[in-house]
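Before any comments, here is the structure.
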């Protein structure tokens with residue numbers, strides 16, 4: 001069994017999150033100053049999106065004794081089928097085309113496509129600590145555990 005907390009957010013995630021939260025605070029202040037404007041609607045929508053992204057950001061990863069990958073989120077979890085292998089990704093990874101998801105508010109999560117991996121899911125907090133988890137059904141999931149090196153070695157022993 002392999003467990004690991006999500007890595008601390010990378011600078012890109014911190015910048016995106018900070019910018020969005022400052023924009024949200026600015027909209028809240030503008031709402032207090034001018035309550036009859038569309039700013040109220042924009043601020044409410046942005047606040048709901050930020051809350052949703054926070055609650056769906058990863059906090060831990062685990063490969064269970066049944067060889068399933070479990071991704072624990074702040075609210076809920078995702079379980080993926082049997083793991084075939086885990087590979088540490090060296091160097092920068094292009095997340096390519098976002099098909100559905102969040103591109104950096106608290107984390108990079110969702111379904112993406114790029115030329116190297118095809119379609120894959122991402123549950124990433126740190127863009128410099130990436131592990132590609134390949135499921136036996138061919139699915140690909142990119143995660144960012146804090147203990148990246150352990151994932152590669154222990155996952156091979158789990159097979």
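Does residue 54 satisfy the condition of being out of contact with any helix residue (DSSP H, G or I) (no Cβ under 6 Å at 6 or more places or on another chain), surrounded by 16 or more Cβ atoms within 10 Å (Cβ to Cβ), at pLDDT 90 or above and not in a strand (DSSP E or B)?
Against the criterion (out of contact with any helix residue (DSSP H, G or I) (no Cβ under 6 Å at 6 or more places or on another chain), surrounded by 16 or more Cβ atoms within 10 Å (Cβ to Cβ), at pLDDT 90 or above and not in a strand (DSSP E or B)), residue 54 qualifies.
When region 77-114 is examined, which residues are found to be in contact with a helix residue (DSSP H, G or I) (Cβ under 8 Å, 6 or more places away or on another chain) and surrounded by fewer than 18 Cβ atoms within 10 Å (Cβ to Cβ)?
Correct list: 85, 87, 88, 103.
Read through the list (1) under 27 Å from residue 150 (Cβ atoms); (2) touching a strand residue (DSSP E or B) at 6+ places or on another chain (Cβ under 9 Å); (3) surrounded by 18 or more Cβ atoms within 10 Å (Cβ to Cβ), then give the number of the only condition that residue 16 fails.
Checking residue 16 against (1) under 27 Å from residue 150 (Cβ atoms); (2) touching a strand residue (DSSP E or B) at 6+ places or on another chain (Cβ under 9 Å); (3) surrounded by 18 or more Cβ atoms within 10 Å (Cβ to Cβ), the one that fails is (1).
So which of 27, 22 ends up being assigned to a helix (DSSP H, G or I), without any contact (Cβ under 8 Å) to a residue 24 or more places away in the chain and surrounded by 18 or more Cβ atoms within 10 Å (Cβ to Cβ)?
27
Need the failing condition index for residue 94 against (1) touching a residue at least 12 places away in the same chain (Cβ under 8 Å); (2) in a strand (DSSP E or B), just the number.
It is condition (2) that residue 94 fails.
Considering 35, 65, which residue is part of a loop (DSSP other than H, G, I, E, B) and within 21 Å of residue 135 (Cβ to Cβ)?
Working: 35 fails: within 21 Å of residue 135 (Cβ to Cβ).
One residue alone meets the criteria, 65.
The values are calculated or read from the model by the stated rules, or taken from the named source; none is laboratory data. Predicted model only: the values in this text are computed from it and were never measured. As a convention, Cβ positions derive from the backbone with ideal geometry for all residues, glycine included, and neighbour counts pool all protein chains shown.
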